[in-house]
1. Can Pro201 be described as in contact with a Ser or Thr (Cβ under 8 Å, 6 or more places away or on another chain) and either farther than 30 Å from Ile445 by Cβ or assigned by TED's automatic domain parsing to the domain that holds Lys446 (or both)?
2. Does Leu146 meet the test of being aliphatic (A, V, I, L, M) and at pLDDT below 95?
3. Six or more apart or on different chains, Cβ under 8 Å: which pairs go from a residue in region 1-25 that's among the hydroxyl-bearing types (Ser, Thr, Tyr) to one that's modelled with pLDDT of 65 or more? Could you list them?
4. Which residue pairs have Cβ atoms closer than 7 Å, lie 6 or more positions apart in sequence or on different chains, and pair a first residue in region 176-189 that is surrounded by 16 or more Cβ atoms within 10 Å (Cβ to Cβ) with a second residue that is of a type in the set (Gly, Ala, Ser) and assigned to a loop (DSSP other than H, G, I, E, B)?
5. I want to confirm something. Restricting to region 88-104 and keeping residues that are of a type in the set (S, T, N, Q) and farther than 22 Å from Ser44 by Cβ, which single residue is farthest from the ligand (Cβ to nearest atom)?
6. Which residues, taken from region 339-382, are modelled with pLDDT of 95 or more, touching a helix residue (DSSP H, G or I) at 6+ places or on another chain (Cβ under 8 Å), outside any loop (DSSP other than H, G, I, E, B) and buried (at least 21 other Cβ atoms within 10 Å of the Cβ)?
7. Which residues, counting only those in region 125-173, are charged (D, E, K, R) and over 15 Å from the mean Cα position of the chain (by Cα)?
8. With Gly128, Gly134 as the choices, which residue is within 16 Å of the ligand (Cβ to nearest atom), modelled with pLDDT of 95 or more and either in contact with a Phe, Trp or Tyr (Cβ under 6 Å, 6 or more places away or on another chain) or more than 22 Å from Gly428 (Cα to Cα) (or both)?
Amino acid sequence: MIGLPQEQRRMMEMSLEKVYAYIDSHTDVFVESLVKLVKQPSVSAKGEGIQECAELVEKMMRDTGLSTKTLHEEKGNPVVYGEIKSQKSDRTLLFYDHYDVQPPEPLEKWMCKPFSGKIANGKVYGRGASDNKGNFVSRLKAVQALLEVAGDVPVNLKFFVEGEEEIGSPHLEPIIKRYKDLFSADAAIWESGGTDRRGRPNLYLGLKGVLSVEVRARGASRDVHSANAPIIPNAAWRLLWALNLLKDKEENILIEGFYEDVLPPSSEEIECLKNIPFEEEETKKELGLREFLQNRSGLEALRTLLYQPTCTINGYVSGYTGKGSKTVLPHEASAKLDFRLVPNQNPTEIFQKLVRHLKRHGFGDLEIIKHGSTEPTRTPVNDPFVKLVARTAEKVYCKKAVIYPTSAGSGPMHLFRNFLSYPVVSAGCSHPKSNTHAPNENLKIKSFIKGSKLIATLISDFAS
Ligand SMILES: [Zn+2]
């Protein structure tokens, strides 16, 4: 609230105290809303409960006082959009969330039914409790508290809640392009985020891009007896030789021009990395590893994790892999790969480079299929919005924020950052033992409530 007249600042602080009191006194009803949403299955991978969940999300937004719209494309799950205008400000803050969840399997590993919303040990349990229903509800409840206490919101607010995040948002781009004006904003808060083991708020400013491909080799028209190996081509070997051309043992990706557009981290980003608590020993222990790849450690390991583009074989299928032996010569082989990309690599160009590379080295006969992609993106560390979110989070949590200039993961953030061109930061209410995507997913009620206060404060700070 730098630059505000003292009286105005005092008024804002006073009304925030009232907002916090409202949130505290409504903890039970807020938790009830979260439980209700968790109880509604919405597994995008199986198409389970999607329409019902979209309707429930829309109803929750309408009940809070937002005007809503459901956006459909020919294909894909509905996007639920909600907005509320401020009487005092022209500025707009957008929240990106998703109502779909990961499949709950393996069911036998859950201590309760995955869609029960069971409350135990001060936590709400259930698939989606944290990712992303908890974050969404904590944000919506912050809006409710502001409206109830002040009768208005200090800035215009928009909610964009999609239903395909957990399957890679395959139909989001046409929606964003078609409704570009609807999604205009000055800044956005991303779906995920939370605090770390020491209770410090973690903020993420970017995501890697991803390019998923499948490479297939074919030999004869059917599998043959392996006695024919001197004269019949073996698809398993052919694919192996081709994959060998993509990466060497020192982890260098060999595709011509692969690193051409890679943007190295800025000096501000390197400074941020130094403040990130990288739990190296815990990670190695948990995964049963004595060392990381190429014995990387400390800042170097963290830098490569966040800034190095990758080429990963996700799976390889060919021939006979059953019990005992089978002297067979496979006629086909296929491998799935993903490339994690960093700014300013472009997935379409990387795909073309891959095809050219294999062709140039005598593997023009392979079939190369592109399965999907997202672009890499980052909001600069020194963007004023990043500074604002960090200041607000530090104020609410009374701990220094940990700023990740990017995450090693991927998602559709580029559509907001690269296409709609506003800063995007992820800040939320998950905690390190939230078990997102795993059995016994949960959200601590305390974290959920604190998350609402964070968002209410952020909205209020954003107004100034
Ligand atoms: Zn997720």
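1. Working: in contact with a Ser or Thr (Cβ under 8 Å, 6 or more places away or on another chain): yes; either farther than 30 Å from Ile445 by Cβ or assigned by TED's automatic domain parsing to the domain that holds Lys446 (or both): yes.
Yes: the conditions hold for Pro201.
2. Taking the combined requirement at face value, the residue does not satisfy it.
3. Pairs found: Ser15/Val149; Ser15/Ala150; Ser15/Ser460; Tyr20/Lys453; Tyr20/Ala456; Tyr22/Ala145; Tyr22/Glu148; Tyr22/Val149.
4. From region 176-189, the pairs are Ile189/Ala427.
5. Ser89
6. Those that are modelled with pLDDT of 95 or more, touching a helix residue (DSSP H, G or I) at 6+ places or on another chain (Cβ under 8 Å), outside any loop (DSSP other than H, G, I, E, B) and buried (at least 21 other Cβ atoms within 10 Å of the Cβ): Phe339, Leu341, Thr377, Arg378.
7. Within region 125-173, Arg127, Arg139, Lys141, Glu148, Asp152, Lys158, Glu173 meet the criteria.
8. Just one listed residue meets the conditions, Gly134.
The values are calculated or read from the model by the stated rules, or taken from the named source; none is laboratory data. The structure presented is a predicted model; accordingly, all values stated were derived computationally and were not measured. In this analysis, Cβ positions are derived from the backbone assuming ideal geometry, glycine residues included, and neighbour counts consider all displayed protein chains.
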